[in-house]
Each structure stands twice: as C-alpha cells, then as structure tokens.
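Report on one structure; see the data block that follows.
The values are calculated or read from the model by the stated rules, or taken from the named source; none is laboratory data. Since we're looking at a predicted model, the values are computed, not measured. Counting neighbours? That spans all protein chains shown, and the Cβs are built from the backbone with ideal geometry, glycine included. Surface areas here come from the heavy atoms of the whole protein model, side chains and all, with no ligands, DNA or RNA. Shrake-Rupley method; radii C 1.70, N 1.55, O 1.52, S 1.80 Å.
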Amino acid sequence: MAGFIEEEMKMLFNYNPPLTKREDFEEFWGETVKRTRRVPLNTKMEKYDYPSTNVDVFSISYNGFDETRINGWFIVPSFLKRDKYPCLIHYHGYKGNKGMPSDFMHWIVAGVAVLSIDCRDQNGDTGNSAAYSSGSTQSVVCKGILDKEEYYYRLVYMDSVKAIDFALSLEQVDPDRIIIEGGSQGGAIGMAVCALDNRPYIAMVDVPSNSNIEKRIDGAYGSYSAVTDYLKVHPDKVEKVFETLSYFDTMNMAENIKCKILASVGLKDNVCPALMYFASFNRIKSEKEIKIYPFNGHEGGHTVHNEVKMNFLRDNL
C-alpha cells in the first residue's frame, strides 16, 4: 500500500477526540427508551401486489416515538419456504426514503427478510406529529436544536429502535437474527440503535454520519452545514446547540455497542469525512472491522462493498 495511505490510516486508527458526553447522558437515553416502550406499536401490514411469486411484499406502518405513523416495506424470501428468517432492518440516507422493494432483492436472494422504513419528515410517506419550539424549519437537522427533549434525531433514533419491535412482532422473523444496515444518515442511525438496544445480532454501517458532530459543524460538512448556517444567524447559541447535539453524537454512544460491526468509509468523502467517523469506530468495544476505500467519496465502496457485505452476512449467519 502507498506510503501516504498508510500514514492516513495510522492517523485514523489513532484518532480519539475528547468525548462531549454530559453527566446525564445515560439517564437521558434510559428515560427516552422507557418512554418509547410506553407507546403502543399499533402495527398495520397489507399485502402489496408485487410482480414476482418468489417474494411476499407488505406495505407496513407502526407508531413511532410519539405515535407518528412510520411507513415501510416488509419483504420475505418466500421462495425458500422457511418458517423463520433472519431480518435485515434498513435505515436510509439523509433526504431519502424507504425505497422500493426491488432495491433489496440482493438481500432477499441471500435468504434474509428485509424491513425498510422511512425517516419521519424526509422524502418518504411519513410525516411528523412532533412540535418544535426552536430551530430552523429549513433542515430537519436543526429542528428542536436548543432542547435535547425535542431534537429531531431523538425521535428518529427511537422510531428506528421501534422498527426492531415491529420486526419481532412478526411470526416470520427469527428473533435471534436481527441485522442492522444503512449508509450515511442510515449508518448513524444503525450505530445509535446498536448502542441503545441489545437485540441486534450484527450491523453493517457505511460512511456513517452523526459522529464528531462539533467538527462536522466547524467544517460545514454535509447535512451539518445547516447547523453551521444556523449558528451564523444565532452566534449566541453555540454552547446550547453543542450541548443538545452531544446527546446524539455516536462517538458518545459507541462504547455501548454489543454486536459485531462491519463499517466502511471513503477517504475522499467530504460529506461524512472518514476521520470524523473514526471518533466513533475507535471507541467500539465489540467485535468490529472496517473497510477503507482510499479513492472513494461519499459513495463509499458502492457495488464492490455490496459484495463485501454479502460475504459478511453469509459468514455470520
């Protein structure tokens, strides 16, 4: 490997910026999870007319953190004719949505069921019933940014934990084989879910966001450039904003992850820079590995890395 790449990798694996975790961090998340559990799922699942007899596709919805209806797909590789299937839960990237069933057929061929959900208030079919008393409405990243109780990603992280509840409510799902998968925002959600919930078996997170957030804001990287812009207008609120965001920074959560993690980054990524993700990766104490793509940007390892993930899934199931 080229010397300059080796030097950069050495820097990445040694990167451990100070944590920004507040004293009540664990208490806050403990109470948040308890509150989430009190909201009934109220699940709904309808068969979708899909042009293949080899899979069963369902349009699904359930109550999220605050009874906002979270929409998604549940897809079963019925051609295998099994009673139970491992279930891969997919979290999408920023401004994305649950996708279409065809997006997940490589996982179906691998023999796992797929649950893909919307993030509320982005480009899917899911709205948002939450009220916000502060922040900018121009970007969800800024909604509720002056109050950790209101902040947007508190709701999203809990909606995503409840996706596990939904999966485990289904008779087709093997409860011991919950697989978490996502990229960018979805990778951040995957990290958070695995830190807040012990039920995931393995996780695959690509070019993850929401790590080393203060540095993301300082460099105006990716979606967090909206926070940079917000603080240009409200320079008196820097400390309060950083306090709120500290509860949602995956580097403050990573040591609580228990499952095996496969991660990936691109060294030319100027949206979610690799260095900032390593602030989280280096603190994971469970079994972990990471694939580094030296000349790739936010696309990461794209189709090449899909093959890596397929092999990882095979080897761990």
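Going 7 Å from the Cα of Ser129 along its beta-carbon direction, which residues of the range 14-36 have the amide nitrogen within less than 15 Å of the resulting point?
From the range 14-36, the list is 36.
Just flag the chymotrypsin sites (Phe, Trp or Tyr not before Pro) in the range 2-101 sitting in loop per DSSP whose Cβ has no more than 15 other Cβ atoms within 10 Å. Intermediate results must be reported in sequence, preceding the final value.
Numbers: sites: Phe4, Phe13, Tyr15, Phe25, Phe28, Trp29, Tyr48, Phe58, Tyr62, Phe65, Trp73, Phe74, Phe79, Tyr91, Tyr94; in loops: Tyr15, Tyr48, Phe65, Tyr94.
Counting only loop positions with at most 15 other Cβ atoms within 10 Å, the chymotrypsin sites (Phe, Trp or Tyr not before Pro) in the range 2-101 are Tyr48.
If Lys143, Lys44, Lys81, Lys291 are ordered by their accessible area, calculated over protein heavy atoms with a 1.4 Å probe, which sequence runs from highest to lowest?
Numbers: Lys143 35, Lys44 105, Lys81 170, Lys291 75 Å².
If we order Lys143, Lys44, Lys81, Lys291 from most to least accessible, we get Lys81, Lys44, Lys291, Lys143.
Run through the DSSP bridge list for the chain and note the antiparallel percent, rounded to the nearest 5.
If I count the DSSP bridges inside the chain, around 35 percent turn out antiparallel.
What is the distance in Å between the Cα centres of the range 105-132 and the range 185-228?
17 Å
Rounded to the nearest 5, what % of the DSSP beta bridges within the range 59-173 are antiparallel ones?
On the way: 9 of 15 bridges.
Looking only at bridges with both residues in the range 59-173, the antiparallel portion is about 60 percent.
Would you work out what percent of the accessible area of the range 224-295, with all protein chains in place, is carbon or sulfur (probe 1.4 Å)?
51 percent
Would you check the accessible area of Arg154, probe 1.4 Å, heavy atoms only, in square angstrom rounded to 10?
So the heavy atoms of Arg154 present about 10 Å² to solvent.
Hey, can you grab everything whose amide H is under 5 Å from the amide H of Lys260? Only 5+ residues off in sequence or another chain; H modelled, so Pro and N-termini drop out.
Ala203
For the chain, calculate the relative contact order in percent as a whole number, restricting contacts to Cα pairs under 8 Å that are 6 or more residues apart.
16 percent
Along the range 101-109, what does the Karplus equation 6.51 cos²θ - 1.76 cosθ + 1.60 (θ = phi - 60°) give for ³J(HN,Hα), rounded to whole Hz, x for Gly and Pro?
Ordered by residue, 3J(HN,Hα) equals x, 5, 5, 10, 5, 5, 6, 4, 4 Hz.
Excluding ligands, DNA and RNA, what is the solvent-accessible area per residue of the range 168-317 at a probe of 1.4 Å, expressed in Å²?
Per residue, the range 168-317 has 37 Å² of solvent-accessible surface.
Given that just one value was derived from the coordinates, which of (1) 25.3, 87; (2) 18.9, 60; (3) 19.8, 59 is Rg and Dmax of the Cα atoms in Å?
(2)
By DSSP, what percent of the beta bridges with both residues in the range 1-133 are antiparallel, rounded to the nearest 5?
75 percent
Got a sec to turn the phi values of the range 9-20 into Karplus ³J(HN,Hα) couplings, 6.51 cos²θ - 1.76 cosθ + 1.60 with θ = phi - 60°, whole Hz, x for Gly and Pro?
Values per residue, Gly and Pro as x: 5, 4, 5, 4, 6, 9, 7, 9, x, x, 5, 10 Hz.
Among rounded, prolate and oblate, which fits the range 213-317 when a ≥ b ≥ c are the square roots of the eigenvalues of its C-alpha gyration tensor, a/c under 1.5 means rounded, and a/b larger than b/c means prolate?
Verdict is oblate for the range 213-317.
What whole number of Å gives the distance from the Cα centroid of the range 16-83 to the Cα centroid of the range 245-316?
Distance between centres, Cα-based: 22 Å.
What's the carbon and sulfur percent of the range 39-134's accessible surface, probe 1.4 angstrom, rounded to a whole number?
46 percent
I need the phi-derived Karplus couplings for the range 217-223: 6.51 cos²θ - 1.76 cosθ + 1.60, θ = phi - 60°, integer Hz, Gly and Pro marked x.
Result, rounded to whole Hz: 5, 4, x, 6, 8, x, 4.
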